[in-house]
Amino acid sequence: MPHTDTTPVSASIASTGLGLRYVGNWVYAYSGQVTASTSKQTVIETTTGSGIIVCRIQFNGFNHENVPGDGANGMATISFNDINVSILRSESGQEDAPYSVYEKFVIPPFTKVKVTVDADSTSSSFFGSVNLVGRVYGAE
């Protein structure tokens, strides 16, 4: 079969954004780089499909882009159907908590998922991110 120069419309591509990306039985969402802010920023907001998702949501705290161990304390709040189910807290490299924290979740079908982040700093050189990676079971 010859190789084509175009990507089919139905193909999934790696990208960042608020929504979930489905690839076969896998699902992911990458927030992309987020600048530290004392105001809550929505980094993932979507409604799941018909399958059950078993996943890990990881919050990579706000660290300086060029200086390891320098950063801001941060929080990621995870809610399902507008109910807070978890708060992930990370601290800069100078504190006791880890820079990157995660929890495992089971997300029921047709659930509104929202993740917000905020920090104790507004430094434009402190960046963080959130990743959701998992498997989908029983999707129709």
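Give me the one-decimal nm value for the distance between modelled label points at Val67 and Ile87, 7 Å along each residue's Cα-to-Cβ direction.
Calculated label separation equals 2.8 nm.
Using the Karplus curve 6.51 cos²θ - 1.76 cosθ + 1.60 with θ = phi - 60°, work out ³J(HN,Hα) for each residue of segment 43-52 in order, rounded to whole Hz, and write x for Gly and Pro.
In residue order, the calculated couplings are 10, 9, 8, 6, 10, 6, x, 7, x, 8 Hz.
Taking θ = phi - 60°, what integer Hz values does the Karplus form 6.51 cos²θ - 1.76 cosθ + 1.60 yield along segment 61-67, in sequence order, with x for Gly and Pro?
x, 8, 10, 5, 5, 10, 10
Does segment 23-137 come out rounded, prolate or oblate by the C-alpha gyration tensor, with a ≥ b ≥ c the root eigenvalues, rounded set by a/c under 1.5 and, if not, prolate when a/b is larger than b/c and oblate if not?
prolate
How about segment 48-137: which chymotrypsin sites (Phe, Trp or Tyr not before Pro) there lie in a loop by DSSP and see at most 16 other Cβ atoms within 10 Å?
Qualifying residues, ordered by number: Phe110.
Here, each number is a calculation from the coordinates, and none is a lab measurement. Just so it is clear, the model here is predicted, and its values are computed rather than measured. Neighbour counts run over all protein chains shown; Cβ positions are idealised from the backbone, glycine included.
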